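Here is the structure we will look at, set down as structure tokens.
The values are calculated or read from the model by the stated rules, or taken from the named source; none is laboratory data. None of these values were measured; they are calculated from a predicted model. Using ideal geometry, Cβ is built from the backbone for each residue, glycine included, and neighbour counts are taken over all protein chains shown. Ligands, DNA and RNA are stripped out before the accessible areas are found, and what is left, the full protein with its side chains, is counted by its heavy atoms. Shrake-Rupley method; radii C 1.70, N 1.55, O 1.52, S 1.80 Å.
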Amino acid sequence: MGMTMTQKILARAAGLERVEPGQLIEARVDMVLGNDITTPVAITEFEKAGFTQVFDKDKIAIVLDHYTPCKDIKSAQLCRQAREFARKHSVTNFFDVGQMGVEHALLPEKGLCAPGEVIVGADSHTCTYGALGAFSTGIGSTDMAAAMATGLLWFKVPAAIQVTLTGKLQPHVSGKDVILHLIGRIGVDGALYQSLEFTGEGVSSLTMDDRFTISNMAIEAGGKNGIFPVDERTMEYISGRVSRPCEAFSPDPDAEYARRIVIDLDTLEPTVAMPHLPENTKVVSEVAGLPIHQVVIGSCTNGRISDLRIAAAVMKGKKVASNVRCVIIPATQEIVLQAMEEGLIRTFIEAGAAVSTPTCGPCLGGHMGVMAEGERAVSTTNRNFVGRMGHVRSEVILASPAVAAASAIAGCVADPRK
């Protein structure tokens, strides 16, 4: 049998002609990522193990994004530890306040991810870079320590689920709706330790931001990674960002898949995930009118410039409902500048929204929008577990930027098509 995209990338990284699902391999990594929460743990393990140098200062990225600008003394201590390590080892890709962004939006923007590469990060949403045809996956902080020191990690080769996309997205429907629909169909463990490999003529109609969003949430279906084929849009995105050689991999015609799923983009509707699991999905028209207290538009899932454009188009000339707090968080400094140039920031502020510097902030209940008991938010983030964004008796509804913006204006869950 042939190999899938993921299996081919892992075979190359392991120096093998072929690999099979379930096989244990040692593979060389092309990038190791950590943030202000996970990097300090990795540093402690790195030093405890007696390591004295990193394997390649250019192949490590440390992004201070979760609790920054530092919200308290503990977060400040963690950031200081990361800064000192980055300085000591001359880590090239160190991003502090003023230069940083939400890590999974920042790394592709900076050209640190490319087709065919193996990228690991001590953050579960590292699977985002599969949008570029890379194998990218989350790891623990101990594994991050080992990877920073050796450039090598052990992997179990995943089986794959083929997701064929047909048709094209309709107005007010985006990549967020695609991945929520998929998770609703297969469940939060439907792709457990498997690769979600997207294919079909519908892929060509997806923007790169749609693909980043879909790959980002592969982990919410239990996936080891999510990956897209490399096409003209991919190459256009990395042009001017990535100068090093890279290799795109395509699945063999006889590649073996554990399961095959077809999604018709033509019929997809705006979709939300109700509390308290991403699999608890409904089309937005089923829950429209449900009262809310807060809207968050941002995160590594939906804080890119196209997301802000979508939200601004919905909010232009309108006002955020008096019963709702709306927080807009552009994912990187470059996106902030672009949003300023396009007048999007003005649109948000005139509508009555708060605009933040780039940060993960409220997504993990960190800061910039933590909720009280009994409050409910519509959020473009990726998880809606119990207590995810604040009090254990608060609720998070996951949605696209279009749904979130429409809900901010309506003061309740709203259908952007209405």
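Extension gain for Glu84-Asp189 works out to 33.9 nm (0.36 nm per residue, less the C-alpha to C-alpha distance). Take the chain with all the other protein chains still there, run a 1.4 Å probe, and you get 38 Å² of accessible area per residue.
Looking at the stretch 1-76, the GluC sites (Glu not before Pro) that sit in a DSSP loop and have at most 10 other Cβ atoms within 10 Å of their own Cβ are Glu17. Ligands, DNA and RNA left out, the accessible area of the stretch 1-73 computed with a 1.4 Å probe is 50% carbon and sulfur. Which shape class, rounded, prolate or oblate, goes with the chain when its Cα gyration tensor gives a ≥ b ≥ c as root eigenvalues, a/c under 1.5 marks rounded, and past that a/b bigger than b/c marks prolate? It is oblate, given that a/c is not under 1.5 and a/b is not larger than b/c. Within straight cross-link reach of Lys88, meaning Cα distance under 20 Å, which lysines are found once same-chain residues fewer than 8 apart are removed? The qualifying lysines are Lys48, Lys57, Lys59. Inter-label distance, Glu26 to His391: 5.3 nm, where each label sits 7 Å from its Cα along the C-beta direction. Placing unit charges on each Cβ (+1 for Lys and Arg, -1 for Asp and Glu) gives the chain a dipole about its Cα centre, and among Thr142, Pro330, Gly116 the Cα reaching farthest toward its positive end belongs to Pro330.
Take the Cα of Lys57, step 7 Å toward its Cβ, do the same at Ala313, and the gap between the two points is 4.5 nm. Protection proxy ranking, highest mean first, for peptides 318-330, 172-184, 56-68: 172-184, 56-68, 318-330, where packing is the per-residue count of other beta-carbon atoms within 10 Å, averaged.
Summarising the label geometry, the points placed 7 Å from Cα in the beta-carbon direction at Val97 and Glu342 lie 2.8 nm from one another.
Measure off, as a whole percent, the carbon and sulfur share of the 1.4 Å-probe accessible area of the stretch 190-338, all protein chains present.
For the stretch 190-338, the apolar C and S fraction of the accessible surface comes to 52 percent.
Partner lysines whose Cα lies under 23 Å from the Cα of Lys316, excluding those fewer than 8 positions away in the same chain, are identified as Lys176, Lys418. Label zone (Ser285, point 7 Å along Cα-to-C-beta; backbone nitrogen cut-off 16 Å) within the stretch 371-414: 403, 414.
Charge dipole of the chain (Cα centre as origin; +1 on each Lys and Arg Cβ, -1 on each Asp and Glu Cβ, all else neutral): 860 debye, rounded to the nearest 20. Extension gain for Thr357 to His276 (0.36 nm times residue separation, less C-alpha to C-alpha distance): 26.4 nm. Charged neighbours of Thr166, selected by a Cβ distance under 12 Å, balance to -2 (K, R count +1; D, E count -1).
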